[in-house]
Each structure stands twice: as structure tokens, then as C-alpha cells.
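S.K.: Sharing a structure below in C-alpha cells format, with a few things to ask.
The values are calculated or read from the model by the stated rules, or taken from the named source; none is laboratory data. The structure displayed is predicted, hence computed values, not measured ones. Using ideal geometry, Cβ is built from the backbone for each residue, glycine included, and neighbour counts are taken over all protein chains shown.
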Amino acid sequence: MRLATTCLRSLRSPSSALRPSPRLWRTYNRVAANGPHTTYFQPPPKPPRRILSTLLLGTACIGLGAYGHAWLYGLPLLGIGLEDIEEVPPGADAEALEESMRNALQAAAASGVSPMSLETCQDFLESRAGYSVSHTAVSHVAQLGSNIPIEDTWSGGTFTFYNDPMKDWSEWAIFDGHSGPRTAQVLKDLLPELVGQALGSPSASESQVSCFDRPYVPHDSYIRDVIKEIFVQTDTELLDRAVNALHDKVIDPVETVSAKAPVFRHHILSRSEAISLVAPVFSGSCALMALYDPHKQVLRVANTGHSKAVLGRWNQAESSYVAQLMSSDRPDFDTNMGQRKKNEDPAGSAMVPETRGSHGVSAPRSFGDAKWKWPVEATRRAHELLWGPEPLPIDLGAKPPYVSAEPEIAETEVKAGEHSDFLIMASDGFWKHISSEDAVSCVQMWLERNKPTNFLEPMKKKSFFGALGFEGYDLHSSLQSLAGPFAPRVAKSPDREQNDDTYFDEAERRLKWRVSPKHFVVEDNHCGIHLIKNALGGKRRDLFAGIMSVQPPLSKMVRDDITVQVIFFGADTQDTIKNQ
């Protein structure tokens with residue numbers, strides 16, 4: 001059995017320089033095959049790429065570079081011959097183009113260091129905003145990068161295993177990378193499909209019944225174990241492949257004339273091939289995944305790391321939404337693992353959070369982070385031969401691994417109706433600035449003025465240049481016309497607030513700000529943008545523009561990469577999906 005992935009996209013038309021592409025849905029379709037995967041790293045074959053797609057991608061990226069160059073250095077541009085391109089083909093190439101353009105816009109801003117107007121700040125937030133839609137829920141997702149490239153990524157999709165779409169499970173995930181984006185990107189490409197495949201596979205020990213067909217039992221241990229197993233096994237195989245690459249143990253199938261079945265041989269790796277294989281575990285990533293069964297209205301949240309999910313649930317007595325944690329509020333070191341290590345090696349010392357946190361690991365549970373999981377000999381070999389991370393500088397006593405990818409899993413029955421539940425999922429870069437309760441209050445304020453499905457209204461079809469914001473510009477005229485939406489727009493700075501609720505943190509030696517509902521503003525039709533904006537100042541315009549203006553590497557001291565998904569349950573999207 002394998003899972004094939006398709007992604008349907010459409011463009012909306014905000015005032016952003018880079019129009020975000022609302023991801024209408026991503027489906028994982030169950031397809032018959034001769035047997036299960038022999039390894040978790042045989043993703044479904046991608047459709048053949050047309051030469052035209054590659055040419056469009058390359059040409060558009062060159063064009064973007066030219067416009068960024070003009071913005072930064074004020075140079076005139078020649079016509080670059082893109083005016084005949086009507087649209088970018090959907091699929092992997094289109095996604096790569098979008099991401100390249102977003103990163104280029106962020107890099108140009110970091111190089112130019114122009115003072116950012118409120119309009120430019122809005123453009124940056126809208127450039128990484130979008131939506132995902134299932135039959136009974138919609139998600140508003142937004143990102144704000146601090147690193148170049150951004151180390152966070154996300155996914156949203158539907159496992160379609162039934163003819164009845166009301167029984168399709170939905171998936172939303174955030175992958176918060178650290179020490180680079182590679183681990184997070186690998187997880188985005190693999191983990192959702194692997195989880196869906198495992199949940200949809202009949203179990204011999206369970207009378208050939210898959211997780212999708214099981215009668216509902218609260219906190220079903222079997223389903224929880226399946227999810228945990230896939231998380232751990234995915235991480236283990238990533239680490240094992242990398243260790244094998246260190247010792248040239250990669251095995252490739254080789255077709256022969258005399259044998260019907262492939263013959264396997266050892267493949268001697270070049271240094272660049274080895275580096276490519278070990279890179280996903282030199283960095284690390286958290287993984288926060290929500291799985292929703294609309295038929296039984298059951299929501300499960302699996303969390304590896306320090307991202308967090310909070311459910312907003314209506315409290316009739318208080319006439320307001322209240323926060324219900326769906327993951328640990330402040331996850332600390334895995335004390336169970338520490339005790340297990342001490343039992344295995346009584347003479348050794350259990351690892352303590354302070355020691356762990358001061359030597360380079362970013363999360364209590366994580367994928368990748370090989371230096372915390374490999375034997376010291378493997379880490380040293382990777383460091384000496386492939387420029388990998390340095391081995392741990394101290395003896396932790398117990399044997400590795402010191403960090404696990406095993407997730408914590410929470411579950412609840414979703415309530416839909418006049419005041420349906422909603423779920424806020426976010427990387428820790430968001431939660432560093434706002435409490436769970438204030439985040440829920442912020443969404444409630446947004447709901448009082450907006451409907452989560454307003455964006456599903458018919459969208460006007462745009463050309464390629466219209467989608468980029470160049471519609472109406474003369475591509476062969478002055479610099480101002482050519483610069484289009486990439487031209488710097490420095491408006492009059494807003495007046496500084498008399499009391500902007502900022503303070504200097506003596507412990508961390510940096511300026512910080514307090515977040516509370518009194519500073520919230522409701523002015524965006526996208527709830528993800530609304531949350532990020534209010535976590536970074538809200539109606540305190542001068543503070544917000546200042547926070548947004550700090551560029552890498554100093555921005556890491558002010559704000560981390562931020563990814564937010566807000567999932568609204570009980571949405572009726574049937575007509576919209578049928579028309580796509």
C-alpha cells in the first residue's frame with residue numbers, strides 16, 4: 001500500500017507583495033499495492049515534471065532576483081521577457097517557486113534594512129499566510145520568519161480512505177526546526193503520509209481492522225501506540241540511514257539481465273552524498289500534529305517538542321471561550337527517560353534539564369539532533385569527516401539517546417454548534433510572547449467580527465503577474481514601475497505610544513513587551529495574521545513596526561520563527577469543495 005499526494009491551490013488577492021496561495025486541501029489517497037513499504041523512506045513516486053514547469057520556475061526565480069536587485073540598489077531593469085507567462089503550473093514546482101520568492105523578499109529586506117512602514121509589515125505577514133480546507137473544518141495558517149531561510153514549516157491535509165468524505169480524517173501539523181531547516185522539511189514531506197498509512201493499515205492483532213474503522217473508545221491505547229510508533233520509527237530510520245552513510249553502508253538495488261529481482265550492492269558514497277544523507281539529523285525539529293475524526297468528532301494531538309496546541313471551548317456560564325491545553329504548557333526534560341537511563345546504568349548520573357539546555361539542544365523531545373542520540377564515536381566521526389556538530393563537551397553518565405521523538409498525545413471530543421471549538425497550534429516562537437488564555441481571547445475577539453469561511457467566496461482568477469502584484473505595471477517603463485510591489489514604501493512613522501508596556505529584562509539583557517487583551521486590535525480577515533500581529537504589539541503601532549524591522553541575526557534576540565495554525569471546527573465547506 002502506498003499513499004499518493006495531490007495538492008490543489010488557488011490564489012487570493014490581498015494587498016501583499018507576494019500573494020499567498022490558500023491551500024484548499026491536500027489529500028492522501030489510499031492506493032492498492034502488492035504490499036507495504038519495506039522502509040519508511042520510499043515515498044510515493046512523483047509525477048514526471050514537464051520541461052515547461054522547470055523553465056517557468058527558473059525564469060520566474062531569475063526575474064524575482066532582478067526585481068530584488070533593483071529594489072536594493074536602485075538600478076534600472078531591462079525587460080526580462082516574462083510578460084507572456086500566464087500562470088505557474090500547480091504542484092511541487094509552484095510550491096518551490098512560492099517559497100523561493102518569500103525567502104528572496106525576506107533576504108532583500110534584511111539586506112536593505114529600510115525602516116518598515118505598517119503597510120510593509122502587513123505585506124510580510126500576508127506573504128506567508130494561507131488556508132487549508134476539509135469537509136468540516138478550515139485552518140488559517142500564517143508564518144513570520146526570523147531565520148533565513150525560515151526553519152519552521154507546516155502541513156494540512158485529509159486522509160481519504162472512504163467513499164464517504166464525512167469519514168475522512170483531517171491532519172494539521174507544525175514542524176519547528178532548529179539548527180537549520182532540513183529536519184523540519186523532511187518531516188513535512190514524510191511524517192503526515194506515514195502516520196496516515198499506519199492508521200489506515202489493518203492490524204493482524206486487531207481482527208484486520210484499521211484505526212479508521214475501530215469503534216470509538218476514549219483514549220484508545222491502540223491508536224495512541226500506532227501514532228507513537230510511527231513518530232519514533234521515523235526518527236530512528238533517519239538516524240540509522242545517517243549512521244550508515246558515515247560508514248559507506250548505503251545499499252542500492254541494481255537491475256541485472258539474468259535476475260528478475262533486483263540485486264543489491266554496496267554503494268560507496270562521495271563526500272557530498274554522505275553530507276546530504278546526514279544533514280537531516282545534524283539539525284533537529286519539533287513536531288506538533290493534530291488528527292481529527294469528523295465522523296466521531298474526536299481530536300487527537302501528538303506533540304514532540306516545545307510547540308503547543310490550545311483548544312478554545314465555549315463556556316456558557318462565562319459567555320466566553322476558555323483555554324484547554326492539548327499539549328504540555330512548558331515541556332521540561334523527559335524525566336521518564338532520565339529515570340530509565342539511570343535504571344540501565346545505576347553508576348551514571350541522570351541527565352538534568354540545565355545541563356541539557358546549556359549545550360545546544362533546543363527541545364526536550366525532538367527529531368534529528370544526532371549529537372544527543374548517537375554514540376559519541378559516531379558523532380566524533382561525523383564531526384571530523386563531514387563537518388558535523390561537535391560531540392558533547394561533557395560526560396552525561398548515562399548512555400545515549402538523551403532525547404526522544406516519542407510524542408505526548410492528548411485527546412478530546414470536539415463540540416460544534418453556535419459556538420464551535422477551535423484549536424490554536426503554534427511553534428514556541430509564538431508562545432514566548434502570549435499566554436494560552438490571551439491567545440484564546442484574541443481569537444474570540446476576531447470571531448466577533450469575522451467568519452472563518454469568508455475567504456471561500458469566489459476568487460477572481462489572476463494571471464501570473466497579477467498573482468505577484470504586478471498587474472497594472474508597465475514592465476518596460478521606469479524603475480518605479482518595474483520595482484512594482486517590491487519598491488520600498490516608507491510611510492510616516494506612527495506616533496510613539498506614551499505607555500507601550502515595554503520593559504528591560506535584566507536577566508536576559510534585552511527589551512521586552514507585555515501582551516494583554518487591552519493592546520489587541522481586530523483589523524485582519526485572516527486569523528493567523530491577527531494572532532501574530534497582536535502577539536507582537538497589536539495596536540501599539542510603533543512597537544509592532546519596530547519588532548518587525550529587526551533583521552537577522554539580531555532578530556533571534558527579539559522574535560524567533562513563528563508559525564500559527566488556527567483550526568475552526570464545524571465549518572460547512574461542502575459546496576466549495578464540490579466546485580473545485
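S.K.: Do we have SER420 as within 28 Å of the chain's Cα centre (by Cα), at pLDDT 75 or above and assigned to a loop (DSSP other than H, G, I, E, B) here? Full working, then the answer.
M.R.: Working: within 28 Å of the chain's Cα centre (by Cα): yes; at pLDDT 75 or above: yes; assigned to a loop (DSSP other than H, G, I, E, B): yes.
So SER420 fits the description; yes.
S.K.: I've got another one for you. Which members of the stretch 105-151 meet the condition of being touching a Pro at 6+ places or on another chain (Cβ under 6 Å), of a type in the set (Ser, Thr, Tyr) and within 22 Å of GLN185 (Cβ to Cβ)? Don't jump to the end; show me each part of the working.
M.R.: Step one: filter the stretch 105-151 for residues touching a Pro at 6+ places or on another chain (Cβ under 6 Å), giving 110, 114, 126, 129-131, 135-136, 138, 148-149, 151.
Checking the rest, the ones that are also of a type in the set (Ser, Thr, Tyr) come to 114, 131, 136.
Listed by number, the list holds a single entry, TYR131.
S.K.: Does GLY180 count as part of a strand (DSSP E or B), closer than 30 Å to PRO553 by Cβ and of a type outside the set (Lys, Arg)? Steps first, please.
M.R.: Details: part of a strand (DSSP E or B): no; closer than 30 Å to PRO553 by Cβ: yes; of a type outside the set (Lys, Arg): yes.
Criteria not met by GLY180.
S.K.: Mind telling me which of the residues GLU377, GLU384, GLU390, GLU354 ends up being among the charged types (D, E, K, R) and either part of a loop (DSSP other than H, G, I, E, B) or at pLDDT 90 or above (or both)? Before the answer, list the steps.
M.R.: Working: GLU377 fails: either part of a loop (DSSP other than H, G, I, E, B) or at pLDDT 90 or above (or both); GLU384 fails: either part of a loop (DSSP other than H, G, I, E, B) or at pLDDT 90 or above (or both); GLU354 fails: either part of a loop (DSSP other than H, G, I, E, B) or at pLDDT 90 or above (or both).
Every option except GLU390 fails the conditions.
S.K.: Sticking with this structure for a sec: Any residue at all in the stretch 155-175 that is of a type in the set (D, E, K, R), modelled with pLDDT of 90 or more and under 12 Å from the mean Cα position of the chain (by Cα)? Can you show your working first?
M.R.: Of all residues in the stretch 155-175, those of a type in the set (D, E, K, R) come to 164, 167-168, 171.
Next cut, modelled with pLDDT of 90 or more only: 171.
Cutting the leftovers down to under 12 Å from the mean Cα position of the chain (by Cα) gives us none.
Scanning the stretch 155-175 turns up no residue that is of a type in the set (D, E, K, R), modelled with pLDDT of 90 or more and under 12 Å from the mean Cα position of the chain (by Cα).
S.K.: Still on this structure: Only one of (1) touching a helix residue (DSSP H, G or I) at 6+ places or on another chain (Cβ under 7 Å); (2) buried (at least 19 other Cβ atoms within 10 Å of the Cβ); (3) farther than 20 Å from PHE569 by Cβ; (4) among the polar types (S, T, N, Q) fails for SER111. Which number is that?
M.R.: (2)
S.K.: Counting only residues that are out of contact with any Pro (no Cβ under 9 Å at 6 or more places or on another chain) and surrounded by fewer than 19 Cβ atoms within 10 Å (Cβ to Cβ), which one in the stretch 417-446 is farthest from GLU523 (Cα to Cα)?
M.R.: GLY417
S.K.: What do you reckon, is ALA382 within 19 Å of HIS178 (Cβ to Cβ) and crowded, with 21+ Cβ neighbours inside 10 Å?
M.R.: Values: within 19 Å of HIS178 (Cβ to Cβ): yes; crowded, with 21+ Cβ neighbours inside 10 Å: yes.
It is true that ALA382 is within 19 Å of HIS178 (Cβ to Cβ) and crowded, with 21+ Cβ neighbours inside 10 Å.
S.K.: Report, by residue number, each residue of the stretch 540-573 that is closer than 28 Å to GLY312 by Cα and out of contact with any Phe, Trp or Tyr (no Cβ under 7 Å at 6 or more places or on another chain).
M.R.: Within the stretch 540-573, ARG540, ARG541, PHE544, ILE547, VAL558, ARG559, ASP560, ASP561, GLY570, ALA571, ASP572, THR573 meet the criteria.
S.K.: I've got another one for you. Scan the stretch 108-117 for residues that are at pLDDT 75 or above and within 26 Å of the chain's Cα centre (by Cα) and jot them down.
M.R.: From the stretch 108-117, those at pLDDT 75 or above are 115-117; that's our starting set.
The answer is MET116, and nothing else.
Results for (1) closer than 28 Å to VAL133 by Cα; (2) not small (Gly, Ala, Ser), shown as yes or no for each residue.
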site	(1), (2)
SER170	yes, no
ALA184	yes, no
LEU187	yes, yes
GLN197	yes, yes
CYS211	yes, yes
VAL217	yes, yes
ARG224	yes, yes
VAL243	no, yes
ASP248	no, yes
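One line per residue, one yes/no per condition, for (1) surrounded by 14 or more Cβ atoms within 10 Å (Cβ to Cβ); (2) modelled with pLDDT of 95 or more; (3) of a type in the set (A, V, I, L, M, F, W, C):
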residue	(1), (2), (3)
GLU193	yes, no, no
LEU199	yes, no, yes
VAL209	no, no, yes
VAL217	no, no, yes
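S.K.: I'm trying to understand the selection: among the residues of the stretch 519-534, which are outside any loop (DSSP other than H, G, I, E, B) and within 26 Å of LEU456 (Cα to Cα)?
M.R.: Once the filter is applied, which keeps residues that are outside any loop (DSSP other than H, G, I, E, B) and within 26 Å of LEU456 (Cα to Cα), the stretch 519-534 yields CYS527, GLY528, ILE529, HIS530, LEU531, ILE532, LYS533, ASN534.
S.K.: Which residue pairs have Cβ atoms closer than 6 Å, lie 6 or more positions apart in sequence or on different chains, and pair a first residue in the stretch 135-146 that is farther than 17 Å from ASN103 by Cα with a second residue that is among the hydrophobic types (A, V, I, L, M, F, W, C) and part of a strand (DSSP E or B)?
M.R.: Listed by first residue and then by second, the contacts come to ALA137/ILE567; ALA137/PHE569; VAL138/PHE568; SER139/TRP172; SER139/ILE567; HIS140/VAL566; VAL141/TRP154.
S.K.: Taking the stretch 275-323 on its own, how many of its residues are of a type outside the set (Phe, Trp, Tyr) and either free of Cβ contacts under 8 Å to residues at least 12 places away in the same chain or part of a strand (DSSP E or B) (or both)?
M.R.: Here is the first cut: in the stretch 275-323, the ones of a type outside the set (Phe, Trp, Tyr) are 275-281, 283-291, 293-313, 315-320, 322-323.
Checking the rest, the ones that are also either free of Cβ contacts under 8 Å to residues at least 12 places away in the same chain or part of a strand (DSSP E or B) (or both) come to 276, 284-285, 287-291, 293, 298-304, 308-313, 315-320, 322-323.
Number satisfying all stated conditions: 30.
S.K.: A further question on this structure: Can you give me the number of residues within the stretch 138-156 that are surrounded by fewer than 24 Cβ atoms within 10 Å (Cβ to Cβ) and under 10 Å from GLN565 (Cα atoms)?
M.R.: Count: 1.
S.K.: Going by what's in this entry, would ILE230 be described as modelled with pLDDT of 95 or more, in contact with a helix residue (DSSP H, G or I) (Cβ under 6 Å, 6 or more places away or on another chain) and surrounded by 14 or more Cβ atoms within 10 Å (Cβ to Cβ)?
M.R.: Values: modelled with pLDDT of 95 or more: yes; in contact with a helix residue (DSSP H, G or I) (Cβ under 6 Å, 6 or more places away or on another chain): yes; surrounded by 14 or more Cβ atoms within 10 Å (Cβ to Cβ): yes.
In short, yes.
S.K.: Got at least one residue in the stretch 237-246 being surrounded by 20 or more Cβ atoms within 10 Å (Cβ to Cβ), at pLDDT 75 or above, within 28 Å of the chain's Cα centre (by Cα) and within 19 Å of LYS167 (Cβ to Cβ)?
M.R.: no
S.K.: Ok, one more. Please tell me if LYS399 is part of a loop (DSSP other than H, G, I, E, B), more than 21 Å from PRO280 (Cα to Cα) and either modelled with pLDDT of 90 or more or of a type in the set (Asp, Glu) (or both).
M.R.: Here the answer is no, as LYS399 does not meet what is asked.
S.K.: How about the stretch 146-175: which of its residues are more than 30 Å from PHE124 (Cβ to Cβ), in a loop (DSSP other than H, G, I, E, B) and hydrophobic (A, V, I, L, M, F, W, C)? It would help to see each step written out before you state the result.
M.R.: Start the filter on the stretch 146-175 by keeping residues that are more than 30 Å from PHE124 (Cβ to Cβ), which leaves 159-169.
Still in the list and also in a loop (DSSP other than H, G, I, E, B): 161-164, 168.
Once the filter is applied, which keeps residues that are more than 30 Å from PHE124 (Cβ to Cβ), in a loop (DSSP other than H, G, I, E, B) and hydrophobic (A, V, I, L, M, F, W, C), the stretch 146-175 yields only PHE161.
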